[in-house]
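Some notes on the structure that comes next.
The values are calculated or read from the model by the stated rules, or taken from the named source; none is laboratory data. Keep in mind the model is a prediction, meaning the values are calculated, not measured. Every residue, glycine as well, gets a Cβ built from its backbone with ideal geometry; the counts of neighbours run over all protein chains shown.
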Amino acid sequence: MIKRQNGMKRSVVLCVAAVAALAASSMPGSGSDSTFGFIRHAHAAEQGSGAGSAGGQRGQGGRADQAGGGHMGGKGSSIDKKVFRTSVDEDSDRPPWAGVKGGKSGGGGKPFGAGTKKGDLYGDMYILLRDANGVPILVDGLEQVVAFVYAADGTLVPLLDGSGNPVAIPYTAEGDLATTITIGTTTYDVYPGEVDLGRLSVGRSPSKVLDHALSEALSKLTSGTVTLDASGRLVVDGVPIDSPLENLALYEVYMQTGTLPGVTLPAGFDPAALLAAAADKTGAISVDTVVYMNSILGINTTGSYYDFSTYDYDRVATWADVNVTVLVLQPDGSYLPTLVNVYQTLFNSTSWTDPTTDGGADDFATAANDYLQVLEFVHDNEVR
């Protein structure tokens, strides 16, 4: 078995004050000299969603032709319009569900009962500079796309200015993203970072898919006593709601209504844990992940963004008293079931400092990412 070193994957929380953290070599817990060793899934990926692939030499950025209001007074953006957009060209008689031209011919039209597809025809999901509520920051009506450069080891990292702040890619006269940036006497080839939703992309499926998953989840939650497990997932009579699709459906309805129909939620419930349980265990959740998913699911609309201003996350308060029994590597190479403290073992007793001082989208994204790390940790090291 492969040893798991005590630590957590890099979190990619990309509000203005937090993008600079990507340049750090690791999050708290990496490189720990702890004596604990854990089982690790042999194929677990260590790359977070924020370090997206370069979209070629010329990234396509759009103009924001109209301003859309947000809960925090933010404006809409052309990238968000691509997410929200559901219509095709005005001079086309193709229905919205048909998508763009191309693909196999003679498909015979939309299957009966396919339902409405969410997030139809949305474009590139670039990593953006955002305000505390996750609303894209606009300059002259244009989104500020974070510039990434290739590091010596071949990974994409955000380009920072002399003060450690992320640099936005400028636009050309034609409205495209530039391919180079000059800082001082150095010219950099720059690329937009793209958000990889992983299995959260199932949120773009026809509406009947999530509707069915919601029905299944609610039938379980209303059939017994609801509690929480160590990773924050909902549990019914000792059995967790572990389906990613069901958790995503529950996340959608809770974020839209503030409740789950017919369900008495236990103390300590956090909707961020629902998003975590729907995501890839080996991935990461960033502010961009949260905002794009909220747009795809219809939690955000063209007129407003979900208001995170009252959401505060405290890592110490959330995890300091959480203990789990996991398999721990012994000196003789065997693994022994051992009770460990999550805050001490996974987070190395390191608190999270909110870069925006107040509650906001960065709090929610960090909470969701922490729930995801705990879920992966418990899953990979559970007593079998």
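Some points to look at:
- Screening residue 277 on (1) surrounded by fewer than 23 Cβ atoms within 10 Å (Cβ to Cβ); (2) in contact (Cβ under 8 Å) with a residue 60 or more places away in the chain; (3) under 25 Å from residue 224 (Cβ atoms) shows it passes everything except condition (1).
- Only residues that are closer than 17 Å to residue 125 by Cα, charged (D, E, K, R), out of contact with any Asp or Glu (no Cβ under 7 Å at 6 or more places or on another chain) and part of a helix (DSSP H, G or I) were counted across region 195-217, and they come to 1.
- Looking across region 189-202, not a single residue is crowded, with 22+ Cβ neighbours inside 10 Å and more than 29 Å from residue 168 (Cα to Cα).
- Matching entry among 253, 235, 287 (being in contact with a Ser or Thr (Cβ under 7 Å, 6 or more places away or on another chain) and either on the phi > 0 side of the Ramachandran plot or buried (at least 17 other Cβ atoms within 10 Å of the Cβ) (or both)): 235
- Given (1) of a type in the set (Ser, Thr, Tyr); (2) at pLDDT 95 or above; (3) under 15 Å from the mean Cα position of the chain (by Cα), index of the condition residue 282 fails: (2)
- Unmet requirement for residue 220, which otherwise passes all of (1) closer than 30 Å to residue 317 by Cα; (2) in a loop (DSSP other than H, G, I, E, B); (3) at pLDDT 95 or above: (2)
- Residues in region 327-372 that are part of a helix (DSSP H, G or I) and closer than 18 Å to residue 289 by Cα: 361, 362, 363, 364, 365, 366, 367, 368, 369, 370, 371, 372.
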